[in-house]
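J.: Submitted below is the structure of interest, expressed as structure tokens.
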Amino acid sequence: MIPVGTLRIGELTAEERAVYSKLIPERIPEHVAIIMDGNGRWAGHQSLKRFVGHQQGAKAVQLVTETASRIGLPWLTLYAFSLENNLRRPRAEVSFLMRLLRTYLESNLQRMMDNNVRMRYIGRIHELPPEVQEKMHWAEEATARNTGTTLTLALNYGGRSELVDAFRGLAAEMQSRNISPARISEEDIHRHLYTAHMPDPDLLIRTSGEMRLSNYLLWQVAYTEIFVTDRLWPDFRGLHLLEAIADFQRRERRYGGLGEGCGEVEEDPERIKIVAS
Ligand code: FPP
């Protein structure tokens, strides 16, 4: 959990401070993942072209990241471009999103430095256009020594393909070290995921009201709390991140165990007669 001393709440807006002041500092999640959805609908509602929605969506990315950094959130992972987006969207939209990403990295680098944000990526990055990869590595290098929020963009990412990549890596390791399949553990699979270096998300937020995981972080969300809002991504702000965290803090995480109000435990289970139904 985050030491209270690292918080920079003075920089929050008045509305954000009002929500933040009611949070329990020791229970700020370590990792929040977000499925950013609704750019197209946001544009459609205003009779604008889809690309304007993506542009506003990119602004929301920066604003939400800055709030995350101000409250000392260690990990923020955003679903920015899925494998399915890459395969199923019109080429013109895919190429616009690639250009937007390059421009975003270039024009926001200083703000990331000012906010102590470190950039990372997950996904099949090597399949992205070389000029995009170049800009991504540039931003990653430039921010590598920042110690605040790690902003991970999932790009050309799919949860199932991540598992395929992990199993390939693990199988190769097993073969080279002559390890028996019976010895494979969850930890071994975790070590081969793109996210091996980070904790699993505590909280997954999805905007625009859809109740789906959309192939996002399938292994990692096993015990993650899910928060769905009808708000469309271009309208999502740091305030809404804080509201989602407040909702998260009202929940009881049980990881398959028992919680309060779950009924009395029988001390001597052998005494209980099981009646066939
Ligand atoms: C969903 O909107 C969003 C995406 C395709 C991915 C998110 C992309 C951005 C926020 C913009 C670029 C980000 C960066 C970091 C530069 P949608 O098009 O699926 O919306 P719809 O379901 O309403 O059509």
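J.: Quick one: net charge of Ala43's neighbours, Cβ under 11 Å, K/R +1, D/E -1?
T.: For residues surrounding Ala43, the net value is +3.
J.: Considering only Thr13, Ala33, Ser107, whose Cα is most displaced toward the positive end of the charge dipole of the chain, charges sitting on Cβ of Lys, Arg (+1) and Asp, Glu (-1)?
T.: Comparing the listed Cα positions along the dipole, Ser107 ranks first.
J.: Please identify the GluC sites (Glu not before Pro) of segment 211-261 that satisfy two criteria: DSSP loop assignment and at most 14 other Cβ atoms within 10 Å. Which are they?
T.: Those satisfying the criteria are Glu252, Glu260.
J.: Then there is this: Within 10 Å of each candidate Cβ there may be at most 12 other Cβ atoms; applying that plus a DSSP loop requirement, which trypsin sites (Lys or Arg not before Pro) in segment 62-155 survive?
T.: Arg145
J.: Here's another thing I want to ask about it. Would you look at the GNM of the chain, springs on alpha carbons closer than 10 Å, and say which of Gly57, Gly263, Gly72 moves the most?
T.: Highest fluctuation of the listed residues: Gly263.
J.: If you don't mind, there's one more thing I want to ask. What percentage of the solvent-accessible surface of segment 1-106, computed with a 1.4 Å probe over protein heavy atoms, is contributed by carbon and sulfur atoms?
T.: For segment 1-106, the apolar C and S fraction of the accessible surface comes to 57 percent.
J.: Something else: How much net charge surrounds Tyr104 when only the other residues with a Cβ under 13 Å from the Cβ of Tyr104 are counted, with Lys and Arg +1 and Asp and Glu -1?
T.: For residues surrounding Tyr104, the net value is +4.
J.: What residues qualify as long-range amide H neighbours of Glu30, i.e. H under 5 Å apart, gap of 5 or more or another chain, H built at 1.01 Å from N?
T.: When sequence neighbours closer than 5 places are left aside, the close amide H contacts are Asp202.
J.: While we're here: Who wins for biggest fluctuation among Ile34, Ile184, Ile245 in a Gaussian network model of the chain, springs between alpha carbons below 10 Å?
T.: Greatest mean-square fluctuation among the candidates belongs to Ile184.
J.: GNM, the chain, Cα, under 10 Å: largest mean-square fluctuation among Glu210, Glu11, Glu266?
T.: Glu266
J.: Give, as a single signed number, the net charge of other residues whose beta carbon lies under 13 Å from the beta carbon of His126, with Lys and Arg counted +1 and Asp and Glu -1.
T.: Net of charged neighbours comes to -2.
J.: So, one more: For Lys49, go through the lysines and keep the ones whose alpha-carbon is under 27 Å away, minus same-chain ones fewer than eight residues off.
T.: Lys59, Lys135
J.: Once Rh for the chain is found with the Kirkwood sum over Cα pairs, what is the Stokes-Einstein diffusion coefficient at 10 °C and 1.306 mPa s, in µm²/s?
T.: Roughly 77 µm²/s, to the nearest whole number.
The values are calculated or read from the model by the stated rules, or taken from the named source; none is laboratory data. What you are looking at is a predicted structure, and each value in this text was computed from that prediction instead of being measured. Backbone-built Cβ (ideal geometry, glycine too); neighbour counts: all protein chains shown. Note: accessible area is taken over every heavy atom of the protein model, side chains too, but ligands, DNA and RNA are not part of it. Shrake-Rupley method; radii C 1.70, N 1.55, O 1.52, S 1.80 Å.
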